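Trainee: Take this structure, written in structure tokens, and hold onto it; I'll ask about it next.
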Amino acid sequence: MSDVLSQNEIDDLLKALNNGDVDVEEMKKTKENTVKDYDFARPSKFSKEHLRTLEIIYDNYGRALSTSLPVYLRKNIQVEVMNSEAVTYMEFSNALSNPVLLGIIDFAPLKGNIIMEMATKLGYAIIDRMLGGEGEPLEKSREFSEIELLIIERIMITCVELMREPWENVLDVDPRLERIETNPQFAQIISPTEMIAIVTINIKIGEVEGLINLCLPYITLEPVMEKLNTKFWYSSMQEATDEEYSNDIEGLITKAEVPITAILGSSTISVSDFSTLVPGDIIRLDRKVDDELDVFVGDIKKFTALPGSSGKNYAVRITSVIREETSDG
């Protein structure tokens with residue numbers, strides 16, 4: 001049908017309006033059928049809801065990274081989810097540089113792999129920091145040595161293990177780093193035309209800033225796609241009670257290592273006597289053999305004890321607990 005009306009058609013339409021055969025208000029209510037283009041080469045498998053849920057999952061993952069990585073790198077870590085998008089795997093792989101850091105991750109119990117792409121300057125900064133440097137990246141990219149890849153692998157394994165908790169509201173996953181590839185040609189885990197979701201995370205290690213891209217193929221996530229919506233995700237969240245929270249904190253504290261020191265006694269000698277000490281010399285302390293010793297946890301005196309032995313080792317036997325925290329000073 002032509003978009004331009006002939007003069008006869010216009011006259012007939014005006015006549016119908018005057019006679020009341022056509023209702024103008026009814027015509028206004030008529031909705032035109034909109035046609036949406038469909039790209040068969042890039043079928044829309046990830047909806048905005050799916051991508052939004054993935055952003056929420058990896059936002060929680062980012063918080064886990066910001067609290068765990070400083071333990072290894074001894075640097076302040078800032079993590080932020082930048083965006084998520086659906087593209088073909090070919091578009092993702094074509095945008096990769098060489099060398100590149102690609103962690104191939106087995107995302108059991110889901111079939112297939114996901115990929116963690118880490119910016120090379122983040123890799124150089126991690127290596128420098130782990131080897132005692134300030135965490136500065138290289139001015140010019142180069143190939144990674146085997147030793148450097150082993151260092152990065154240790155950090156990447158930690159990053160992969162941290163994915164368990166953010167995903168638990170969707171599925172109990174057991175991610176495992178299979179290998180690290182530095183050449184994108186060796187990381188063809190799926191067909192180039194397959195659709196993937198990419199979640200981009202910005203990480204700042206001290207003054208060094210770079211991106212981590214999580215590549216999530218549709219064929220891997222397909223069994224849980226119906227769960228990738230915010231309504232399901234929030235409904236699956238279990239709010240911890242105060243008791244559970246206290247138990248979690250207590251569990252973390254019980255694993256903390258603290259120094260314990262038993263003070264046998266003290267003495268004062270001259271510098272000249274100190275300079276002539278040899279094995280076998282006896283230094284007289286200010287305590288008797290049967291006097292109780294002060295036992296310190298860190299810098300706080302917490303126990304009194306009597307000296308003794310356990311097998312071939314020196315030991316002390318706790319005699320009392322000091323409830324009030326008092327420092328030695």
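Trainee: Sorted by mean Cβ packing within 10 Å, highest first, what order do the peptides 195-207, 114-126 take? List each step's numbers first, then the result.
Mentor: On the way: 195-207: 19.8, 114-126: 22.8.
Taking the mean over residues of other Cβ atoms within 10 Å, the ranking is 114-126, 195-207.
Trainee: Then there's this: Show me, for region 110-117, the HN-Hα J-couplings you get by feeding each phi into the Karplus relation (A = 6.51, B = -1.76, C = 1.60, θ = phi - 60°), rounded to Hz, glycine and proline as x.
Mentor: Values per residue, Gly and Pro as x: 6, 7, x, 10, 10, 10, 10, 9 Hz.
Trainee: Sticking with this structure for a sec: Give Lys111/Lys255; Lys48/Lys121; Lys75/Lys255; Lys255/Lys288; Lys75/Lys121 a once-over and call out the pairs whose C-alpha atoms are over 24 Å from each other.
Mentor: Too far apart for the 24 Å limit: Lys111/Lys255; Lys48/Lys121; Lys255/Lys288.
Trainee: How much length would be gained if the chain were fully extended between Glu161 and Arg284, taking 0.36 nm per residue of separation minus their Cα-Cα distance, in nm to one decimal?
Mentor: So the extension gain works out to 38.8 nm.
Trainee: Which whole-Hz couplings ³J(HN,Hα) result when phi for each residue of region 256-273 is put into the Karplus expression 6.51 cos²θ - 1.76 cosθ + 1.60, θ = phi - 60°, listed in order with x for Gly and Pro?
Mentor: Values, residue by residue: 6, 8, 10, x, 10, 10, 9, 8, 6, x, 9, 7, 10, 10, 7, 5, 5, 5 Hz.
Trainee: How large are Rg and Dmax for region 48-236 when calculated on the C-alpha trace, in angstrom?
Mentor: Every Cα atom of region 48-236 included, Rg and Dmax give 16.0, 48 Å.
Trainee: A follow-up question, please. Determine, for each peptide in 159-165, 265-271, the mean count of other beta carbons within 10 angstrom over its residues, then list the peptides with the highest first.
Mentor: 159-165, 265-271
Trainee: Okay, next question. Points 7 angstrom from Cα along the Cβ direction at Asp172 and Lys204: gap in nanometres?
Mentor: About 3.9 nm separates the two model spin labels.
Trainee: What FRET efficiency do you get for Val297 and Ser66 if R0 is 22 Å and r is their Cβ-Cβ distance, rounded to the nearest 0.05?
Mentor: Details: r = 30 Å, r/R0 = 1.35.
Approximately 0.15, to the nearest 0.05.
Trainee: What is the packing order of peptides 311-319, 273-281, 173-181, taking the mean over residues of other C-beta atoms within 10 Å and listing the highest first?
Mentor: The densest-packed peptide leads the list: 173-181, 311-319, 273-281.
Trainee: Next question, about the same structure. What is the set of long-range amide H partners of Gly135 at a cut-off below 5 Å, with H atoms built 1.01 Å from backbone N?
Mentor: Arg129
Trainee: Quick one: length gained pulling Ser310 to Leu150 fully straight, 0.36 nm per residue minus the C-alpha distance?
Mentor: Here the answer is 53.5 nm.
Trainee: Can you give me the Cα centroid spacing of region 243-297 and region 186-227 in angstrom?
Mentor: Using only Cα atoms, the two centres lie 52 Å from each other.
Trainee: Now, a different point. For Ile219 and Ser320, compute 0.36 nm times the residue count separating them, minus their Cα-Cα distance, and round to one decimal in nm.
Mentor: Values: separation 101, 0.36 × 101 = 36.36 nm, distance 6.33 nm.
Gain in length upon complete extension: 30.0 nm.
Trainee: Apply the Karplus parameterisation 6.51 cos²θ - 1.76 cosθ + 1.60, with θ equal to phi minus 60°, to every residue of region 92-97 and state each ³J(HN,Hα) to the nearest whole Hz, in sequence, with x for glycine and proline.
Mentor: Per residue, the Karplus-derived 3J(HN,Hα) values read 5, 5, 5, 8, 7, 8 Hz.
Trainee: Where in region 144-171 does the label zone of Asn183 land, with the point 7 angstrom along Cα→C-beta and an amide N cut-off under 20 Å?
Mentor: From region 144-171, the list is 144-150, 153.
Just so you know, all these numbers are worked out from the coordinates, no wet-lab data involved. Here the structure is a predicted model, which means the values were calculated and not measured. We place every Cβ from the backbone using ideal geometry, glycine too, and count neighbours over all the protein chains shown.
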